[in-house]
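What follows is one structure encoded as structure tokens, with my remarks underneath.
The values are calculated or read from the model by the stated rules, or taken from the named source; none is laboratory data. Since we're looking at a predicted model, the values are computed, not measured. Because the Cβ atoms are built from the backbone with ideal geometry, glycine has one as well, and the counts that use them run over all protein chains shown. Just so you know, the surface numbers come from the protein's heavy atoms only, side chains and all, with ligands and any DNA or RNA stripped out. Shrake-Rupley method; radii C 1.70, N 1.55, O 1.52, S 1.80 Å.
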Amino acid sequence: MKKLTLKAEEALLGAMLHRPEALPSMRWIPPGTFSRPDYAALWQTLHSIDFTKVARNDIPAAVTAAVAKIEEPGIRQTLSPSRVSHLANSSVCPNPQTAPLYGGMVLEAAIHRAVEHAGEQLRESARQAEVDQALQTLEQATRTGQRLAQLEAAWKTTPETVRSLLDTQPVEPVNPVPRTERARTDIQAEGETVASLLYEPRQLREPEVKNLQDRDFSHPQLAVAYRAMRTLDERQAPIDPLTVAWEAQRLPGPNLSDQVLAELQEAGVGGTAAYTAEQVLHTAALDRLDAAGHDLRNYARHPALAPSALVDHAGQALEPVHADHQRIQHAEREPELASDKEPAPPAPTHAPEVPAHEHEMEM
């Protein structure tokens, strides 16, 4: 695609050298759209010339004079008179009348590059961030979503006739190539969380634990064990190694092995689940941020995705990250919300008698 992009950029520049009177109608293409700094500089330079005062035969000289005023010496050297003249050849610009379509192709390529760059930035941030920096790191996904909105708005400035030609839906569904491995895992925190919950199930009611989901676990058996405990707790059923194993066999995923269950029983320590659950969630959230970046990069490299479809696919890839950001944000605010509640009324001097349960179910 890179080679075709350069050809489209050169064709657009060549068309403007042939028909500079069309430049005012092409202002929807900003200089930053071009992939090369010299082409971006030439585009900006062409727009700085008042061609209404330039005779057609004097166009090459006017462009050469304007290029000579570019501050960057490397770009001036690249945009030599012979180089600029080459862009005006018919072999470079097949049809100057097609300039708007060439411009749409250039803008489409720029949107693909922008989405790819955004994906690479997400992956880099996800891999470098500390676990306790998860919330701040996930905010980058929000900024990426805003960037996607800007790209969509830029695409909508394209003439409708151009969009109708280029903004087509892919013939077949486009799915990103899956990652070969996770970027972030913390098996120790996952195991400590499940073991602590098995040892002291009442911790399932703590906010940090309630905020956890089985998809946050990278270890399949630990995910099943956690889901089984959550299910039992929702039913107000007793939780012990046997009931967890029995419930786990009903759930999709791998069977909970005797060895894993025995290790969880042996390692269980009460009172630690809230802390380790937070570690599990933050690690999983950073990993999903990496996965979103991976998907953005792969979507951007797929030529079948026109701009609207690309932005749509990229936005969908970010949705799990936005959900994680809300979960972590809510978990961090929950203690503050609890402290804002009115204090409970004082206990009565004489506690009312509570009738005994006549029929207590034995388990």
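Results, tabulated for the structure shown:
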| item | result |
| --- | --- |
| Residue list for the stretch 165-217, filter: open to solvent by 70 Å² or more (accessible area, probe 1.4 Å), in contact (Cβ under 8 Å) with a residue 40 or more places away in the chain and either farther than 30 Å from E120 by Cα or assigned to a helix (DSSP H, G or I) (or both) | L165, E192, Y199, R215 |
| Residues (open to solvent by 20 Å² or more (accessible area, probe 1.4 Å), in a helix (DSSP H, G or I) and in contact (Cβ under 8 Å) with a residue 40 or more places away in the chain) located in the stretch 26-55 | G32 |
| Matching option when the condition is of a type in the set (A, V, I, L, M) and at pLDDT 95 or above, among A99, A88, A55 | A99 |
| Qualifying positions in the stretch 222-242 - in a helix (DSSP H, G or I) and open to solvent by 40 Å² or more (accessible area, probe 1.4 Å) | R227, R230, E234, L242 |
| Residue within the stretch 138-157 that is in contact with a Phe, Trp or Tyr (Cβ under 6 Å, 6 or more places away or on another chain) and not basic (K, R) present | yes |
| Output for the stretch 86-123, where each listed residue is open to solvent by 70 Å² or more (accessible area, probe 1.4 Å) and part of a helix (DSSP H, G or I) | H86, Q97, M105, R113, H117, E120, Q121 |
| Pick from the stretch 194-223, criterion within 11 Å of T276 (Cβ to Cβ) and within 28 Å of the chain's Cα centre (by Cα), ranking: modelled with the lowest pLDDT | E208 |
| Condition check for T158: β-branched (V, I, T), open to solvent by 10 Å² or more (accessible area, probe 1.4 Å) and farther than 30 Å from L222 by Cα | no |
| Given (1) within 14 Å of R19 (Cα to Cα); (2) in contact with a helix residue (DSSP H, G or I) (Cβ under 7 Å, 6 or more places away or on another chain), index of the condition R56 fails | (2) |
| Some residue of the stretch 141-150 being over 19 Å from H294 (Cα atoms) and open to solvent by less than 80 Å² (accessible area, probe 1.4 Å) | yes |
| Complete set of residues in the stretch 9-25 that are open to solvent by less than 10 Å² (accessible area, probe 1.4 Å) and either touching a residue at least 40 places away in the same chain (Cβ under 8 Å) or under 34 Å from the mean Cα position of the chain (by Cα) (or both) | E9, A11, L12, L13, G14, A15, M16 |
| Test set (1) closer than 26 Å to E160 by Cα; (2) hydroxyl-bearing (S, T, Y); (3) surrounded by 14 or more Cβ atoms within 10 Å (Cβ to Cβ) - T64 fails condition number | (1) |
| Test: R288 is open to solvent by 20 Å² or more (accessible area, probe 1.4 Å), charged (D, E, K, R) and within 30 Å of R127 (Cβ to Cβ) | yes |
| Hey, V177 modelled with pLDDT under 95, of a type in the set (A, V, I, L, M, F, W, C) and in contact with a helix residue (DSSP H, G or I) (Cβ under 6 Å, 6 or more places away or on another chain) or not | yes |
| Subset of the stretch 249-274 [in contact with an Asp or Glu (Cβ under 8 Å, 6 or more places away or on another chain) and either surrounded by 14 or more Cβ atoms within 10 Å (Cβ to Cβ) or among the aliphatic types (A, V, I, L, M) (or both)] | A267, G268, V269, T272, A273, A274 |
